[in-house]
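**Student:** Attaching a single structure in structure tokens format; questions to follow.
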Ligand SMILES: [Zn+2]
Ligand SMILES: [Zn+2]
């Protein structure tokens, strides 16, 4: 029996990031939630700001219902320590003191998609009354001192993993899911558009599945980090991305491409830099339509894969990170307390000071 005492006694109120409208947020005092049935209450250690958070904070996903209204607390890439187990949680193995990595999707557990393991596509999406949650999107997120969450959305981490690393489990799990969707084979040459944190993690995941080379296509200081991590790079502010990839692959193009940028023509660029019979996975969420070369996709038997978060890959990346096979430390560039969220958000969105992943720590001052 392990005993755990939280860093401080849990009071009835806590600080949370609260969105009041598009691009309008403040850190406010709110009520500490309780852990419901099959839920745990966690003291949040670190929350990574994600590209999706930027769109949610900007109000660009309001039509999708992210969020459904205001006030709203976002945050879905997080880590923490369980401080209370709700009804039935301890019986299922979740105890106060357990260190966990958290994720966004919580399938209902009963529909066909959940039954076949694709809970990120739950048929009961949006129905909290049926047990579905999408934390940090329409369900209350983790950008707060204490977060109540389904035990289906937390994963225990080993002692060898820091809680800062654990906050990168969600992003890493999506990277791994993307390269699995793209069917990466040993020896493949891959291309990744967008050398941000998601792209650098996807490139590493591709190496873990056996890719021989991964070409990062993007611009700015991030390409230096990509080069230092062992990727080939193409600066698309100076050269055409698809042409550059073809030049590096004997004119054929990559076996697979991953688009993490989803801006303007990047989905079409991903297709253009991929060879006959190649595979293209789209991680980023496009906000505008993009014309794709459908005849080429048909005649050259190309495969296109949408990637929505991940089903089940959090548990796969945890040992890869804790055993040093996936480097999340290099992509974690900044840490701020919750009280400095505005500065953290500016650092992330303006890519200040080489920013990749920026962590918020709600329980540090
Ligand atoms: Zn995210
Ligand atoms: Zn379901």
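**Student:** Say we look at the range 104-119 and pick out the residues that are in contact with a strand residue (DSSP E or B) (Cβ under 8 Å, 6 or more places away or on another chain) and closer than 23 Å to residue 143 by Cα; which of these is nearest to ligand 1 (Cβ to nearest atom)? Spell out how you get there, then give the answer.
**Tutor:** We begin by selecting, within the range 104-119, every residue in contact with a strand residue (DSSP E or B) (Cβ under 8 Å, 6 or more places away or on another chain); these are 104-106, 119.
Then drop every residue that is not closer than 23 Å to residue 143 by Cα, which leaves 104-106.
Values: 104: 7, 105: 11, 106: 15 Å.
Here the answer is 104.
**Student:** Name, by its number, the condition in (1) in a strand (DSSP E or B); (2) within 16 Å of ligand 1 (Cβ to nearest atom) that does not hold for residue 80.
**Tutor:** Of the numbered conditions (1) in a strand (DSSP E or B); (2) within 16 Å of ligand 1 (Cβ to nearest atom), the odd one out for residue 80 is (2).
**Student:** Scan (1) out of contact with any strand residue (DSSP E or B) (no Cβ under 6 Å at 6 or more places or on another chain); (2) assigned to a strand (DSSP E or B) for the single condition residue 148 breaks and write down its number.
**Tutor:** For residue 148, the failing item is (1).
**Student:** Regarding the range 218-233, can at least one residue be identified that is more than 16 Å from residue 203 (Cβ to Cβ) and not in a loop (DSSP other than H, G, I, E, B)?
**Tutor:** No: the range 218-233 contains no residue that is more than 16 Å from residue 203 (Cβ to Cβ) and not in a loop (DSSP other than H, G, I, E, B).
**Student:** Can I ask one more? Can you tell me which condition residue 100 does not meet? The list is (1) in a loop (DSSP other than H, G, I, E, B); (2) under 23 Å from the mean Cα position of the chain (by Cα); (3) away from ligand 1 (no atom under 15 Å from the Cβ); (4) in contact (Cβ under 8 Å) with a residue 12 or more places away in the chain, and all the others hold.
**Tutor:** Just one mismatch for residue 100, condition (1).
Any read-out appearing in this document is the output of simple, stated calculations on the displayed coordinates, not a laboratory observation. All of these numbers come straight from a predicted model, not from anything done at the bench. Neighbour counts are summed over all protein chains in view; Cβ atoms, including those assigned to glycine, are modelled from backbone coordinates with ideal geometry.
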